[in-house]
Amino acid sequence: IYKLYNNITVVFDLNYENHNLNINEKQNGTLVMSGDNFLLNMDHQIIINNGEIQWIYLADMNEVQIINHEAENEMMNPKNFFNIYERISKYRHIGVKLEDKKRLHIIELFPEESSMFMKVKLAVNSEQNQLHNIILFDKSGGTYTYLITSFKSNSEETPLFIFNTEDYPDVEVIDL
């Protein structure tokens, strides 16, 4: 999906639930992607990646960790959520449902190789031909539900994809 655009900005709500571990956590965030670059801003954390270097800023600790970019790390690269279909061996169209006056096609995807996630369920808005939500099912019984509240593409202005320490007074820098 994202390959059709020069860049995208996605605003989303994330709900992580694991009934086995009695966890129910909610966050919201914004993701800006342009090529291999991304900026992910979620509650008390900002992750910026320029394709070579990744900065992880933890607001609660006023700390930024600097690491080399690892494209294959599926948890640290949001691009992998948008091209998940490339690693799917099976899929199944579950059906169509109406939610908030939106006609949604529900599709289940199953990865071809063993990974952290056993299954992915997509809801696609048929009128806009855009993702409405993504549900990732992990092996420990948890679900990550991403509800997309705003999707914009091909913006003329994108961030620099660099963490500027001058914007964060007294930030502790940990260069890994």
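The values are calculated or read from the model by the stated rules, or taken from the named source; none is laboratory data. If you're wondering where the values come from, they're calculated on a predicted model, not measured in any experiment. A quick note on method: Cβ atoms are made from the backbone with ideal geometry, for glycine too, and the neighbour counts reach across all protein chains shown. These area figures cover heavy atoms from the full protein model, side chains too; ligands, DNA and RNA do not enter into them. Shrake-Rupley method; radii C 1.70, N 1.55, O 1.52, S 1.80 Å.
Data table
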quantity: Long-range neighbours under 8 Å by Cβ, at least six apart or interchain, first residue more than 18 Å from LEU122 (Cβ to Cβ) within segment 139-150, second at pLDDT below 95 and open to solvent by less than 40 Å² (accessible area, probe 1.4 Å); calculated: LYS139/PHE117
quantity: Residues of segment 86-141 satisfying the condition of being of a type in the set (Gly, Ala, Ser), within 23 Å of LEU14 (Cα to Cα) and surrounded by fewer than 17 Cβ atoms within 10 Å (Cβ to Cβ); calculated: SER115, SER126, SER140, GLY141
quantity: Filter result (surrounded by 13 or more Cβ atoms within 10 Å (Cβ to Cβ) and over 18 Å from PRO78 (Cα atoms)) within segment 1-30; calculated: GLU17, ASN18
quantity: Qualifying residue in segment 68-80 (condition: of a type in the set (Lys, Arg) and at pLDDT below 95); calculated: yes
